[in-house]
Amino acid sequence: MTWKFPLKAPSIKNLRKKINRVTNPLPLIKELAERMIFSSPEELNTFQQLFMDFWNLSPRDEFQGKSPQEVDSQGLEEQIDLKGIKIKDVPLVKDLETLVNYFRENQVKVSLKNKWIPFKHLKLIEENFISSDKDSFNLFGFGKEESRGEESAKRYIYFIDLLSRAAKFIYIDKKGYIQVNVPHFQKFTRKSYGEKVFDLLLTWIENLEWKRLQRRDFEAIYAEDFQKMFTDILYLFHKYRVNEKIEVEEIVDQLYGPEIDKTESPVEVMGHLMIMIEIVLLTYLKWLGIIKAQKEILIPYLYRRL
């Protein structure tokens, strides 16, 4: 890793000053990376990780002289009352328990290729869901999805299904039947509702491949990218206060601004990326209780735990 001639590496003092003047590390990483020569992708990744470590340890005026790491540590130490989260706040958890309990009472065999749940069972399960976000099975054109057994077309229950598998509440046996890990699931059900929500949020972040949630290949590509850069996205969210409206265009601009400006149709590209953010990221943050669906604003409880 070397600097392009005739450029020189900035001093630590000047780099700290520059870090203190900006609130998003991504443009600064790109600026520095463009001035350097990397012998391999691995070397670039090492540089990015080192820079983020330096960023997180650098004091900032916006935090009264504290570093982002010190601020985050204090935030995690705050006692958030997860018991304050109720079913009406995040009905997804109750719906997940409904799905798992259905498999305790019914023998269900998944499709051979995609491991999808048959539609006749999806309908019966969703009849007992309480969320207003549950899927509709009465839309025009539904017959084609049903004939193909395309569970992924029903985004809400498909998310709950994959989340249940990622959390290891259910699994597919060698004969293709869905089985319930009863002791593990019972341990989960004994927790407070808020603790359940937080556990599922971490499962989504850490153990579930986001690309699997998407029906279309191009959506899966964005989902995979967003999951890789989730730490950066979360950093952008940290600038918002609870109950403040999230500006999706601003987030896209922070993540992709320089690349968008280089395209032939920046307005169209911006609009496309905003739609992708909504489909593959914000939708799930709403279902998991991080964002209010009506206003797209951060809500308390879980957000402060991240």
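Considering each residue of region 105-126 in turn, none proves to be surrounded by 14 or more Cβ atoms within 10 Å (Cβ to Cβ), closer than 17 Å to residue 197 by Cβ, touching a helix residue (DSSP H, G or I) at 6+ places or on another chain (Cβ under 7 Å) and assigned by TED's automatic domain parsing to the domain that holds residue 161. Among the residues that make up region 246-264, is at least one of them closer than 30 Å to residue 85 by Cα, aliphatic (A, V, I, L, M) and assigned by TED's automatic domain parsing to the domain that holds residue 164? Checked region 246-264: no residue is closer than 30 Å to residue 85 by Cα, aliphatic (A, V, I, L, M) and assigned by TED's automatic domain parsing to the domain that holds residue 164. Restricting attention to region 89-110, the residues that are in a loop (DSSP other than H, G, I, E, B) and in contact (Cβ under 8 Å) with a residue 40 or more places away in the chain total 6. Can you tell me which of 103, 159, 169, 137 is at pLDDT below 95, of a type in the set (Phe, Trp, Tyr) and under 22 Å from residue 212 (Cα atoms)? Being at pLDDT below 95, of a type in the set (Phe, Trp, Tyr) and under 22 Å from residue 212 (Cα atoms) holds for just one of 103, 159, 169, 137, which is 137.
Scanning region 73-83 for residues that are modelled with pLDDT of 75 or more and of a type in the set (Lys, Arg) turns up nothing. Number of residues in region 11-43 that are free of Cβ contacts under 8 Å to residues at least 40 places away in the same chain, closer than 20 Å to residue 259 by Cβ and of a type outside the set (Gly, Ala, Ser) equals 10.
The values are calculated or read from the model by the stated rules, or taken from the named source; none is laboratory data. Because the structure is a prediction, the values reported are computed rather than measured. Positions of Cβ are generated from backbone atoms using ideal geometry, with glycine treated the same way; all protein chains shown enter the neighbour counts.
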